[in-house]
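One structure below.
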Amino acid sequence: MIDALLLEYSLDTKEGILLMCLAEALMRIPDTATADALIRDKLSVADWKSHLKNSDSLFVNASTWGLMLTGKVVTLDAKQDGTPTNVINRLVNKMSEPVIRQAMHQAMKIMGHQFVLGRNIDEAMKNGKPKREQGFTYSFDMLGEAALTSTDANKYYNDYLTAIKAVGQDKSPSDSPSSDPTVSIKLSALHPRYEVANEARVLDEMYRSVLALLIHAREHNVGITIDAEEADRLELSLKLFEKLYRSDEVKGWGRFGLVVQAYSKRALPVLTWLAALAKQQGDVIPLRLVKGAYWDSELKLSQQAGYSGYPVFTRKEGTDTSYLACARLLLSEHFSNLIYPQFATHNAHTVSAIVVMATHSGYEFQRLHGMGDALYNHVMAMHQTLVRIYAPVGSHKDLLPYLVRRLLEN
């Protein structure tokens with residue numbers, strides 16, 4: 001149902017953008033009066049009629065009817081005279097906005113169930129058991145955006161620590177350590193000043209907090225992956241990764257990895273640098289290759305700063321080609337025993353290309369929870385390749401920034 005709704009109201013339609021903005025805004029508005037005023041302002045300007053009966057889904061068509069009717073209802077004449085018509089109109093007006101408000105919150109909860117595995121790590125692990133029994137494994141991601149204060153950073157640190165301990169205690173016996181569940185961490189969530197201007201603080205304060213997480217993770221033998229973020233933090237993240245990777249506490253472990261984005265023009269040099277680092281130390285680096293989820297903001301930031309070029313490829317085919325080039329390099333004999341490649345994609349052509357290129361079984365595929373089920377059920381059945389599900393964990397109020405990135409990426 002959600003797929004059909006997102007398809008009809010995609011972000012290239014005025015109504016799709018309006019619904020997403022409204023849903024996001026409603027989560028941040030504390031009082032009902034302001035929320036109702038926002039609904040009145042937003043819903044009345046959209047052309048809902050154009051979406052009617054466009055979808056094969058009864059759910060979508062019913063939603064469109066509701067939005068069309070409420071769009072009309074919230075624009076009814078609200079004169080304050082005492083005529084029966086206007087009294088009824090005002091009554092409907094008052095009734096409709098709370099209904100829309102509740103419907104929006106309910107819709108976000110439904111989307112939350114689709115894209116988030118659980119509200120906390122215990123619930124997520126319980127919900128993930130059926131997939132694990134089918135042969136899938138997980139990388140758990142505690143939802144949350146960049147920390148703005150030390151309090152935020154401490155909260156996210158504790159969330160990650162809880163996740164590491166829970167995953168470590170619940171691991172099922174497996175033939176290969178590579179099929180154990182792992183935890184993904186976001187560096188910007190662990191420090192309020194994760195930026196190039198504060199490099200010294202990052203390589204000191206953040207180093208100590210991430211190292212503490214890695215020590216706990218190694219004790220529980222739970223693999224840790226550092227998620228990728230905006231391009232202006234790439235060198236800083238690599239410096240931090242190198243310092244952590246070379247530390248005595250992490251040496252010899254081989255379960256500390258990171259994410260590389262193929263839409264970055266520096267993706268291939270980064271892979272070469274990481275392979276050299278692994279060769280020097282002798283520990284395998286697990287590496288998740290993704291296409292990238294910050295494309296729109298990378299372009300906008302570059303335009304605002306007046307750069308002569310962009311740090312990312314500006315066309316989809318450029319990113320797709322880069323991804324295949326990176327995959328070919330990762331699967332080459334030069335990288336064997338240095339990098340453990342993890343290919344995150346929902347593109348059937350990309351999956352097929354990797355299966356053809358791979359001459360050994362030392363790799364895995366990754367997909368997002370709530371997406372790519374049919375594709376990867378087929379991959380598991382046909383190729384017996386390990387598939388890891390990247391599973392966000394958190395309450396529905398943390399969902400919107402993550403969900404908007406996913407929708408823009410698609």
Quiz item: What fraction, in whole percent, of alpha-carbon pairs in region 252-410 exceed 27 Å separation?
Solution: 28 percent
Quiz prompt | Difference of contour (0.36 nm per residue) and Cα-Cα distance, T359 to T32 | solution = 111.8 nm
Quiz item: To the nearest 20 debye, what charge dipole does region 223-360 have about its Cα centre, counting +1 at the Cβ of each Lys and Arg and -1 at the Cβ of each Asp and Glu?
Solution: 160 debye
Quiz item: Ordered by residue, what ³J(HN,Hα) values in Hz, to whole numbers, does region 343-357 give under the Karplus form 6.51 cos²θ - 1.76 cosθ + 1.60, where θ = phi - 60° and Gly and Pro are x?
Solution: 9, 9, 7, 10, 8, 4, 5, 4, 4, 4, 4, 5, 4, 5, 5
Exercise. Taking just the C-alpha trace of region 234-277, give me its Rg and Dmax in Å.
Key: 11.0, 33
Quiz item: What residue among G292, S184, Y376 has its Cα farthest toward the positive end of the dipole of region 118-409, where the charges are +1 on Lys, Arg and -1 on Asp, Glu, each on the Cβ?
Solution: Y376
Quiz item: Using 0.36 nm per residue, how much length does the chain from S10 to L203 gain when fully extended, once their Cα-Cα distance is taken away?
Solution: 65.4 nm
Quiz prompt | Carbon plus sulfur fraction of accessible area for region 118-409, probe 1.4 Å, in percent | solution = 53 percent
Quiz item: Quick one: which of K186/K300; K14/K291; K131/K186; K291/K316; K186/K239 span more than 19 angstrom between C-alpha atoms?
Solution: K186/K300; K14/K291; K131/K186
Quiz item: How long is the gain from S50 to S247 if the chain were fully straight, where each residue apart is worth 0.36 nm and the alpha carbon distance is subtracted?
Solution: 65.0 nm
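The values are calculated or read from the model by the stated rules, or taken from the named source; none is laboratory data. Only a predicted model underlies this, so the values are computations on that prediction, with no experimental measurement involved. For neighbour counting, all protein chains shown are included, and Cβ atoms are generated from backbone atoms with ideal geometry for every residue, glycine included. Ligands, DNA and RNA are stripped out before the accessible areas are found, and what is left, the full protein with its side chains, is counted by its heavy atoms. Shrake-Rupley method; radii C 1.70, N 1.55, O 1.52, S 1.80 Å.
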